[in-house]
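One structure is given below, encoded as C-alpha cells.
The values are calculated or read from the model by the stated rules, or taken from the named source; none is laboratory data. A quick note: this is a predicted structure, and the numbers were derived from the prediction, not measured. Quick reminder, even Gly has a Cβ in these numbers, built from the backbone with ideal geometry, and neighbours come from all protein chains shown.
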Amino acid sequence: MRRTVTRLLAMTALALPLILPATPATAAPTTPARQLADVIPAPVETRPDARGTFQISPLTVIRTAPGSVDAWQVGRQLADTLRPATGYPLPVLPVRATPLPEIALLIGGADSRVGQQGYQLDVTRRGVTIRANTPAGLFAGTQTLRQLLPADIESPQRQRTTWTVPGGRIVDYPRFSYRGAMLDLARHFHTVDEITAYVDLLSQYKINYLHLHLTDDQGWRIQIDSWPRLTSVGGGPGTGVDGVGPGYLTKADYKAVVAYAAARHITIIPEIDMPGHTNAAQSTYPELNCDGVAPPPRTDTAVGYSSLCINDELTYRFVEDVIRELAAITPGPFLHIGGDEAHATTDEDYRTFMQRVLPLVSKYGKRAYGWNEIMQADPPTDAVAQFWGTGTTNTDLAEAAARGNKVIMSPANKAYLDMKYDRNTRLGLSWAAYIEVSDAYGWDPATRVAGVGENAVLGVEAPLWSETLRSLDDIEYMAFPRLPAIAELGWSTTASHNWESFRTRLGQQAPRWRLQQVDFYPSPQVPWR
Ligand code: TNX
C-alpha cells in the first residue's frame with residue numbers, strides 16, 4: 001500500500017507540468033455554479049461562504065483518519081469516484097501536516113448533532129474536511145461532496161473543467177435512522193450485477209437498507225442447502241411472471257451482494273414471504289401442502305391463493321431450516337418474514353403460524369420484520385411492521401405503535417416504485433395509484449397513519465415489485481426520479497420540505513444520471529437540465 005502511495009506521489013510530480021496548463025484554462029461555465037444547498041436529500045444546515053471556494057487540482061490528496069481502516073476505505077472509494085472525470089491521481093494518505101491541498105475524512109470532532117449517520121462538511125480555500133463519528137457518516141458526507149461538484153464529475157472520461165466545490169459548512173444528519181429500498185427478485189430474478197448497480201444508485205441518496213423480496217408464488221431466489229429443489233426447481237427455468245424471470249442467488253452470490261452493499265453502508269434485509277405467497281415452495285415440495293399434493297407452478301400475477309400447511313410440524317421444520325440458513329449469511333439485524341395477503345390462511349391459523357415463527361427469528365439472533373398484517377398476531381414489541389396500505393388508518397398498527405412497536409412507512413399509493421407515473425407509463429401496475437413525482441414527495445411519514453407518529457416511525461422504504469420489470473433499465477425507469485423523493489422524506493427535516501426546491505434540485509440531477517446511463521422517467525413536473 002505504502003509503495004503504491006509513494007509511486008502515486010511520484011507520478012503526480014512527474015505529471016504536473018503536463019496536466020497543469022490544460023486544466024483551468026478551458027473551463028466554459030455552461031451551467032451555474034453549484035451551491036451548498038443543491039443536494040438531495042436536502043441537508044439540515046448549510047452556511048455558504050463565498051470566500052471559501054475550493055478547487056480540486058492535480059495536487060489534491062485525500063487524507064483519512066489514522067488507524068481507521070473503514071475511513072481509509074471511504075477515502076479510497078471517494079478517490080475511485082473522482083479519478084475518472086478529473087484524471088487526477090488523488091492519492092489516499094494518512095493525515096499529516098503538509099502544504100498540499102486536501103480532502104480530509106476524519107472520525108470525531110463534528111458538530112454534536114451529527115450522531116451515528118450524519119457528518120459535518122467544511123469547505124475552505126485550502127480544502128474540504130468531512131468529519132463524522134462513524135465511517136457511515138463519512139460515506140454520507142462524500143456523497144454530498146460528489147453532488148457539490150459539477151455534474152461532469154460523473155463522466156467516465158476525463159473532462160477538462162474546473163472542479164469547484166462551493167465554500168462554507170454543512171451540518172447534516174437524518175430525520176429517520178432507516179431509509180430503505182426494496183427489490184423483488186421473485187417475480188423476475190435480477191442478477192448480482194443488476195442488484196449491485198442498484199446499490200450504487202441508492203447509496204448516492206443516503207439510502208441505508210436494501211430489502212430483497214426473495215421468495216413468492218412465482219419463484220424462490222435464494223439457495224437453501226437443506227431444501228435444494230427450492231432453487232433448482234422453484235428458481236429454475238420457466239419460473240417468474242410469464243415464465244421469463246428464472247434464476248436465483250447462490251449463498252456465495254448473496255454474500256457478495258451483502259459485502260458490496262456493506263461497503264456502501266447499505267444493510268441487506270432478506271425477506272421470505274409466508275405463510276402466503278409460497279406457491280414456488282409448495283409446487284416444488286408436495287409435503288409442504290396439507291393434502292400432500294404439489295400444485296402446479298404459477299407464472300401469473302394473482303395473489304392470495306397459497307398457504308403453508310399451518311397444523312403440520314413439517315411446515316415449522318421447513319421454516320426453521322430456511323430462517324437458520326438465511327440468518328447465518330445475513331450480518332444485518334433484520335429478517336423479514338413477509339406475512340402479507342395471506343388470504344388463503346384463516347385469521348386463527350395466521351396467528352398460530354406467526355406465534356410459532358416469530359420466536360424462530362429471535363432464536364437465530366435476528367429482529368423480526370414483516371408487512372403490517374403481522375401486527376394482527378400481537379408480536380413482541382421489538383418486531384417491526386412495514387405499512388403498505390393506501391389509507392390513513394390502521395387500528396392494528398396504531399395499537400402496535402402504542403405498545404412500542406416500530407413502523408416502516410411504505411404507503412403503496414405514495415412509496416411504491418412499481419406504480420405507473422400516469423396512465424401512459426409502459427411499465428408498472430396501477431392498483432394503488434398513479435404516482436407522479438409530486439405524489440411520491442407529497443406526504444409525511446409521521447402523519448400518514450393515525451396513531452403512528454414520529455416516535456413510532458423507524459423510517460421509510462420504497463418497494464419495487466417486479467411483475468412488469470425485466471432489465472436494469474426497467475428498474476431505473478421506475479425508481480428514478482421517485483426514489484430520491486422517498487430518500488429525501490427519510491433524511492431531511494420537515495421544515496425543509498418544499499416541492500419547488502425539491503423539483504429544482506431534482507432537475508439538476510439529470511446530467512449526472514445521463515452520464516451514469518440511468519434510464520430515468522423525464523417527468524413533466526420537473527425542470528430538467
Ligand atoms: C401487493 S404490497 C403485494 C405484492 C405485489 C404488489 C404489486 C404487498 C405486501 N404485496 O405481492 O407484488 O402489490 O404492487
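Name the single residue, out of those in the range 390-399 being in a loop (DSSP other than H, G, I, E, B) and more than 16 Å from the ligand (Cβ to nearest atom), that is farthest from the chain's Cα centre (by Cα).
Applying the first criterion (in a loop (DSSP other than H, G, I, E, B)) to the range 390-399 yields 390-394.
With the extra rule that they be more than 16 Å from the ligand (Cβ to nearest atom), the set shrinks to 392-393.
On the way: T392: 25, T393: 27 Å.
Restricting to residues being in a loop (DSSP other than H, G, I, E, B) and more than 16 Å from the ligand (Cβ to nearest atom), the top hit is T393.
Annotation for the range 493-509: at least one member residue is charged (D, E, K, R) and under 22 Å from N424 (Cβ atoms). Looking across the range 405-430, just one residue is surrounded by fewer than 21 Cβ atoms within 10 Å (Cβ to Cβ), more than 10 Å from the ligand (Cβ to nearest atom) and among the hydroxyl-bearing types (S, T, Y), and that is T425.
Condition check ((1) touching a helix residue (DSSP H, G or I) at 6+ places or on another chain (Cβ under 8 Å); (2) within 16 Å of V39 (Cα to Cα)) across all residues:
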| residue | (1), (2) |
| --- | --- |
| L429 | no, no |
| A432 | yes, no |
| D474 | no, no |
| I486 | yes, yes |
| S501 | no, yes |
| L515 | yes, no |
| D519 | yes, no |
| V526 | yes, yes |
| R529 | yes, yes |
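For A402, state whether it is not in a helix (DSSP H, G or I) and not charged (D, E, K, R). In short, no.
Kindly establish whether K255 is within 26 Å of L483 (Cα to Cα) and in contact with a strand residue (DSSP E or B) (Cβ under 7 Å, 6 or more places away or on another chain).
Considered against the rule, which asks whether it is within 26 Å of L483 (Cα to Cα) and in contact with a strand residue (DSSP E or B) (Cβ under 7 Å, 6 or more places away or on another chain), K255 comes out as no.
Among the residues of the range 40-89, those that are touching a strand residue (DSSP E or B) at 6+ places or on another chain (Cβ under 8 Å), assigned to a loop (DSSP other than H, G, I, E, B) and surrounded by 20 or more Cβ atoms within 10 Å (Cβ to Cβ) comprise P43, V44, T60, A65, Y88.
Where helices (runs of 4 or more DSSP H) fall wholly inside the range 479-529, the ranges with 2 or more residues that are surrounded by fewer than 21 Cβ atoms within 10 Å (Cβ to Cβ) are 499-507, 510-515. Within the range 228-282, the set of residues being closer than 10 Å to T215 by Cα and either under 19 Å from the mean Cα position of the chain (by Cα) or acidic (D, E) (or both) comprises P270, E271, I272, D273. Here the condition is being modelled with pLDDT of 95 or more, among the aliphatic types (A, V, I, L, M), in the same structural domain as L185 (by TED's automatic domain parsing) and farther than 21 Å from E45 by Cβ; of L464, L489, it holds for L464 alone. Among the residues of the range 197-234, those that are in contact (Cβ under 8 Å) with a residue 24 or more places away in the chain, over 30 Å from Q517 (Cα atoms) and away from the ligand (no atom under 16 Å from the Cβ) comprise Q223, I224, D225, S226, W227, R229, L230, V233, G234. The set of residues from the range 398-435 being of a type in the set (S, T, Y) and without any contact (Cβ under 8 Å) to a residue 12 or more places away in the chain comprises just one member, S430. Restricting attention to the range 312-326, the residues that are of a type outside the set (S, T, Y) and surrounded by fewer than 18 Cβ atoms within 10 Å (Cβ to Cβ) total 7.
Just one of the listed residues (A440, A433, A402) is modelled with pLDDT of 95 or more, more than 20 Å from L202 (Cβ to Cβ) and away from the ligand (no atom under 11 Å from the Cβ), namely A402. Close Cβ contacts (under 8 Å, 6 or more residues apart or on different chains) running from residues in the range 441-453 that are touching a residue at least 12 places away in the same chain (Cβ under 8 Å) and farther than 12 Å from F387 by Cα to residues that are among the charged types (D, E, K, R) and buried (at least 22 other Cβ atoms within 10 Å of the Cβ) comprise Y441/E488; G442/K414; W443/K414.
Go through the residues of the range 129-152 one by one and say whether even a single one is within 16 Å of the ligand (Cβ to nearest atom) and surrounded by 23 or more Cβ atoms within 10 Å (Cβ to Cβ).
Scanning the range 129-152, I find no residue that is within 16 Å of the ligand (Cβ to nearest atom) and surrounded by 23 or more Cβ atoms within 10 Å (Cβ to Cβ), so the answer is no.
Cβ-Cβ distances below 7 Å connect the following pairs, each with a first residue in the range 455-472 that is in a helix (DSSP H, G or I), a second residue that is of a type outside the set (A, V, I, L, M, F, W, C), and a separation of six or more residues or different chains: A456/K406; L472/E194.
State whether the residues of the range 176-196 include one that is of a type in the set (S, T, Y) and without any contact (Cβ under 8 Å) to a residue 60 or more places away in the chain. Yes. Could you please let me know if G304 is within 16 Å of the ligand (Cβ to nearest atom), buried (at least 21 other Cβ atoms within 10 Å of the Cβ) and touching a residue at least 40 places away in the same chain (Cβ under 8 Å)? No: the conditions fail for G304. When R264 is tested against the conditions (1) under 28 Å from Q204 (Cα atoms); (2) within 16 Å of the ligand (Cβ to nearest atom), the lone failure is (2). For the range 111-121, filtered to residues that are of a type outside the set (D, E, K, R) and in a helix (DSSP H, G or I), the residue that is surrounded by the fewest Cβ atoms within 10 Å (Cβ to Cβ) is S112. Answer with yes or no whether A450 is aliphatic (A, V, I, L, M) and surrounded by fewer than 17 Cβ atoms within 10 Å (Cβ to Cβ). Answer is yes for this residue.
Each residue in the range 335-361 was checked for being within 16 Å of the ligand (Cβ to nearest atom) and either in a helix (DSSP H, G or I) or out of contact with any helix residue (DSSP H, G or I) (no Cβ under 9 Å at 6 or more places or on another chain) (or both), and 5 pass.
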